[in-house]
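Comments concern the structure below.
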Amino acid sequence: MSSIKKEKRINLVLNYVKSEIKKGNFPKYDELHQKFNISDYRITLKDIYPKLGISLLGLPFRRPSKCRQEIRNELINYIKKEVKNGHYPSRRYLDNRFKLRLTSRLFDSIEDLYYKAGIKYCQKNRQELKTKKAKILTEIVISILPKLNLKSLKSRRIYQQGIDIIAIDKNNKIVGIEIKAHNKNEPIKERNIQQLKRFLKKESLHKLLLITTSSKFENHSNINNLEIIDYDKLKRLCSKSQLDKLQFVRNESVHQETKEKIIKKQLILDYAKKKLKQGKDINHIDIANALHVDLRTYFGSINEVYSEAGFLPPINKVHGRRAQKCSKYYTLIVNQMLEYMKKEISKGKYPTGVDVGKKFGIKHIWNFVTMTELYKKLGLPAYHQRKPRFLVTI
């Protein structure tokens, strides 16, 4: 196929994608292949979206695996840019911001991503500071309610669920006020807005106010009876003394290096050791429910928890042969299999796939590794080479 034909086909695709984006639609690879046979022309998303000034990282759908290196590079550049502005994005923030999972296929861990960007990762939440900021902003908001023609009825404590402040307007109608004491680089997310939508319905509110020290907002849905007072509007309602407190809330980040991560990490490990010694399995949900922590904040994967707790992860948690090169746990398990086989062979027994499968809890071992591969690593001929088959004639 000539380069001229490919270039013409790319131009057709570019014009189509450009018109779809204006409608709010970002065509996926399958859609483009169905319409333009782009696979036959060896055209990928890398040939399309970047030419339209849209990064692959910014696409609102799952990116093909062939774009993995480009996504890595874009994540590294994004981290560099954000850190220059004083913002250290967390794993959860990146996942939500770009609709992706920061797995080992991209980077070994959030620390690895920062290392590749040439930056020391120092994002650790300080709950005490977070609570202090929320209290300061709550006090400021309550004091300025008369300027909003509102009167406070009650306010919830920091750790209580539900809307932060319940007030009434001049017509004695109930108004809910939600407070977000965000750092200047931390945006109000779509999930924050959806939470307000639930409050509006659940608490039968006439109106809802969101008051925040942030100036950034992710794309969010419009909600009837929701008014947003961001930092620029809020500071105009504050006195000079309140402005100093407001600046503290806005500039101080709860993401600073403390001992909290070490403590939480050890808490997870102690819990994992206890469960594993009892012969029980562990997973993200179990740990989140038991300890109220997100495992991914402290470990790169559930397999890393197994490893640091002194246990090999179950085979069903480790990618099979297709992921050999990117899984150190795969190699560890294969080595254990080889040790088992050596002991059995020293007794005069050559283990079969069924034997190894029973020992390591896997039904179909060839989905993980073949016996031919294992015997080859031991420098021994495989079963079919040791025991040649003979034709039987009748």
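The values are calculated or read from the model by the stated rules, or taken from the named source; none is laboratory data. Keep in mind that this is a model prediction, so the values were computed, not measured. In this analysis, Cβ positions are derived from the backbone assuming ideal geometry, glycine residues included, and neighbour counts consider all displayed protein chains.
Just to be sure before I move on: is GLN242 surrounded by fewer than 17 Cβ atoms within 10 Å (Cβ to Cβ) and either in contact (Cβ under 8 Å) with a residue 12 or more places away in the chain or not assigned by TED's automatic domain parsing to the domain that holds ILE140 (or both) in the structure I sent?
Considered against the rule, which asks whether it is surrounded by fewer than 17 Cβ atoms within 10 Å (Cβ to Cβ) and either in contact (Cβ under 8 Å) with a residue 12 or more places away in the chain or not assigned by TED's automatic domain parsing to the domain that holds ILE140 (or both), GLN242 comes out as no.
Quick check on the range 139-162. Is at least one of its residues aromatic (Phe, Trp, Tyr) and not in a loop (DSSP other than H, G, I, E, B)?
Within the range 139-162, none of the residues are aromatic (Phe, Trp, Tyr) and not in a loop (DSSP other than H, G, I, E, B).
State which residue is surrounded by the most Cβ atoms within 10 Å (Cβ to Cβ) when the search covers only the range 12-49 and only residues that are under 22 Å from ARG101 (Cα atoms) and in contact (Cβ under 8 Å) with a residue 12 or more places away in the chain.
Within the range 12-49, the match that is surrounded by the most Cβ atoms within 10 Å (Cβ to Cβ) is LEU45.
Could you grab me the full set of residues in the range 3-46 that are of a type in the set (Asp, Glu) and at pLDDT 85 or above?
GLU7, GLU20, ASP30, GLU31
Of the conditions (1) modelled with pLDDT under 85; (2) touching a His at 6+ places or on another chain (Cβ under 6 Å); (3) of a type outside the set (Asp, Glu), LYS173 fails just one. Which one is it?
(1)
Filter the range 74-104 for residues that are part of a loop (DSSP other than H, G, I, E, B) and under 13 Å from the mean Cα position of the chain (by Cα); which is farthest from ILE119 (Cα to Cα)?
Per the criteria, the residue is LYS99.
Report yes if ASP270 is over 26 Å from TYR93 (Cα atoms), at pLDDT 90 or above and of a type outside the set (Lys, Arg), otherwise no.
yes
Out of all the residues in the range 123-130, is one or more surrounded by 19 or more Cβ atoms within 10 Å (Cβ to Cβ) and outside any helix (DSSP H, G or I)?
Within the range 123-130, one or more residues are surrounded by 19 or more Cβ atoms within 10 Å (Cβ to Cβ) and outside any helix (DSSP H, G or I).
Please state which of the following conditions ASN224 fails to meet, knowing it meets all the rest: (1) modelled with pLDDT under 90; (2) farther than 15 Å from ILE136 by Cα; (3) in contact with a Ser or Thr (Cβ under 9 Å, 6 or more places away or on another chain).
Condition (3) is where ASN224 drops out.
Have a look at LEU94, LEU102, LEU52, LEU59 and point out the one that is loosely packed, with under 15 Cβ neighbours inside 10 Å and aliphatic (A, V, I, L, M).
LEU52
When the residues of the range 60-113 are narrowed to those that are modelled with pLDDT of 80 or more and among the acidic types (Asp, Glu), which ends up nearest to ASN192 (Cα to Cα)?
By that ranking, first place goes to ASP95.
Within the range 270-307, track down each residue that is among the acidic types (Asp, Glu) and either assigned by TED's automatic domain parsing to the domain that holds SER90 or not in a helix (DSSP H, G or I) (or both).
The answer is ASP281, ASP294.
State all residues of the range 33-61 that are under 28 Å from the mean Cα position of the chain (by Cα) and in a helix (DSSP H, G or I); if no residue qualifies, say none.
Selection gives LEU45, LYS46, ASP47, TYR49, PRO50, LYS51, LEU52.
Going by the conditions given, is ILE71 within 23 Å of GLU31 (Cβ to Cβ) and β-branched (Val, Ile, Thr)?
Yes.
With respect to the numbered conditions (1) in a helix (DSSP H, G or I); (2) within 24 Å of GLN336 (Cα to Cα); (3) in contact with a helix residue (DSSP H, G or I) (Cβ under 9 Å, 6 or more places away or on another chain), which one is the sole condition not fulfilled by LEU267?
(2)
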